[in-house]
1. For the chain, find the longest principal axis of its Cα atoms and tell me its angle to the long axis of helix 72-92, 0 to 90°, nearest 10.
2. Over the range 158-215, what percent of the accessible surface lies on carbon and sulfur atoms, probe 1.4 Å?
3. Longer than 24 Å from Cα to Cα, which of K147/K177; K150/K170; K122/K170; K135/K177; K80/K185; K113/K170 are they? Say none if no pair is.
4. Any number yet on Rg/Rh for the chain, C-alpha, Kirkwood?
5. Whose amide H sits under 5 Å from the amide H of T194, counting only residues 5 or more places off or on another chain, with H placed in the peptide plane?
6. Can you tell me the orientation of helix 139-151 relative to the chain, as the angle in degrees between its alpha-carbon axis and the longest Cα principal axis, to the nearest 10?
7. How far is helix 37-46 tilted off the main Cα axis of the chain, in degrees rounded to 10, range 0 to 90?
8. Hey, any idea what % of the range 1-107's accessible area is carbon plus sulfur with a 1.4 Å probe?
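The values are calculated or read from the model by the stated rules, or taken from the named source; none is laboratory data. Quantities reported herein were computed from a predicted structural model and do not represent experimental measurements. So basically every Cβ, Gly included, is an ideal-geometry build from the backbone, and we count neighbours across all protein chains shown. Side chains are part of the model used for accessible areas, which takes the heavy atoms of the whole protein and leaves out ligands, DNA and RNA. Shrake-Rupley method; radii C 1.70, N 1.55, O 1.52, S 1.80 Å.
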Amino acid sequence: WYTGTANAIFQNLKYMESYNAEYVIILSGDHIYKMDYQEMLDFHKTNQADVTIAAMPVPIEEAGRFGIVTTLARAKEVQKIAEPLIALGVKERDNYETVKVTAKVPVKDKDGKRVKEVVNGKKVTKYETVEKEIKKDLPSRMNARRKMIKVLYPVTEVPSTPAGRKKGTKKADIPAKIFDEYGVKYANRHGGYTRIIKIGQRKGDGAMEVVLELV
């Protein structure tokens, strides 16, 4: 069985070499691509590259799902920050209590529009009181959250569609993502959450470029 993309390539080297192909394009089997591979191959040939890697910008809140292309020096800096933060997320993932709170929320119709009602001769938004459960950090998890906030950049989530963009824009709770997603994902691992893969020297300044990714 394959332990990752690189291992899949390693285990199939003999198969690929048997074709004696001049160029090989490696794709993940669980992805659907719209990319023009001929354009990428032409770029590869023009630059006489040993290896060409396709990359694209993604929103910062989604970056954790992908490998990030950067320099070796920068990757080492980020790795020193990321590893302890994820370790905190693993340690404190379950240190919370669930509490019930009541809140007033606007009533919406089937189309998602706010329902209006007449009060004292004026049309106002109709509200209802709802009860919901929220996670309340215990002291140690709250302390871990503060440590994360000190080193993390604030991230704002903006809806991709224009409709409701102003109201839908909100600050992302990155510590919660570390606790609830990465803390659970790496619950049985003690360190080694990230890895650095060298991909070659950058043209111009010769800096070593790498892919920094979560394992």
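1. So the inclination is approximately 40 degrees.
2. Values: 2080 of 3890 Å².
Summing carbon and sulfur atoms, their accessible area is 53 percent of the total for the range 158-215.
3. Over 24 Å apart, Cα to Cα: K122/K170.
4. Details: Rg = 24.0 Å, Rh = 22.0 Å.
With Rh from the inverse mean 1/r over Cα pairs, Rg/Rh is 1.09.
5. Those lying under 5 Å, H to H, from T194 are V215.
6. 60 degrees
7. So the helix axis and the longest Cα principal axis differ by about 50 degrees.
8. Working: 4790 of 8550 Å².
So the carbon and sulfur contribution to the accessible surface is 56 percent.
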